[in-house]
1. If you take the residues of region 1-24 that are open to solvent by 40 Å² or more (accessible area, probe 1.4 Å) and either part of a strand (DSSP E or B) or free of Cβ contacts under 8 Å to residues at least 60 places away in the same chain (or both), which of them is farthest from Y104 (Cα to Cα)?
2. Can you name every residue in region 63-96 that is more than 15 Å from V48 (Cβ to Cβ) and either among the charged types (D, E, K, R) or not in a loop (DSSP other than H, G, I, E, B) (or both)?
3. Being closer than 20 Å to G108 by Cα and open to solvent by less than 40 Å² (accessible area, probe 1.4 Å): is that true of A52 here?
4. How many residues are more than 17 Å from F67 (Cβ to Cβ) and assigned to a strand (DSSP E or B) if we restrict to region 97-113?
5. Applying the selection to region 25-37, what residues are among the polar types (S, T, N, Q) and in contact (Cβ under 8 Å) with a residue 24 or more places away in the chain?
6. Is it the case that region 74-96 has a residue that's modelled with pLDDT of 95 or more, surrounded by 18 or more Cβ atoms within 10 Å (Cβ to Cβ) and acidic (D, E)?
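The values are calculated or read from the model by the stated rules, or taken from the named source; none is laboratory data. The shown structure was predicted, so the numbers you read here are calculated from the model rather than taken from an experiment. Because the Cβ atoms are built from the backbone with ideal geometry, glycine has one as well, and the counts that use them run over all protein chains shown. Surface areas here come from the heavy atoms of the whole protein model, side chains and all, with no ligands, DNA or RNA. Shrake-Rupley method; radii C 1.70, N 1.55, O 1.52, S 1.80 Å.
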Amino acid sequence: QVQLVESGGGLVQPGGSLRVSCRASGITFSLYAMGWYRQAPGQQRELVAVIASGGSTNYADSVKGRFTISRENAKNTVYLQMNSLKPEDTAVYYCKAQIGIVNYWGQGTQVTVSS
């Protein structure tokens, strides 16, 4: 049974930093690309960043230079380091694993950027 559990969200001031984590179980984590997505109220879920099994990364234009995705295969965990946060980064952040044609999602973690 595949499970993804996010953690690390919270309230941060504009310009601040936060790191969210996603721990996977039930899969051979190192074999799969992992992604971070976010969904703001009234908005569609959007891709933030992805990291391939080999470590290559890709980012949405809106977060390039501010966010860094990384993975630690020994801990079955993918991270999203978020710096220089803006109010428009406020959203629920989800991690995703795509295994074949099936997408697995975590429950999400709320990130709120506000003074």
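1. Out of the qualifying residues, it is L11.
2. E72, N73, A74, K75, T77, P87
3. Criteria not met by A52.
4. Number of matching residues: 7.
5. S25, S30
6. Yes.
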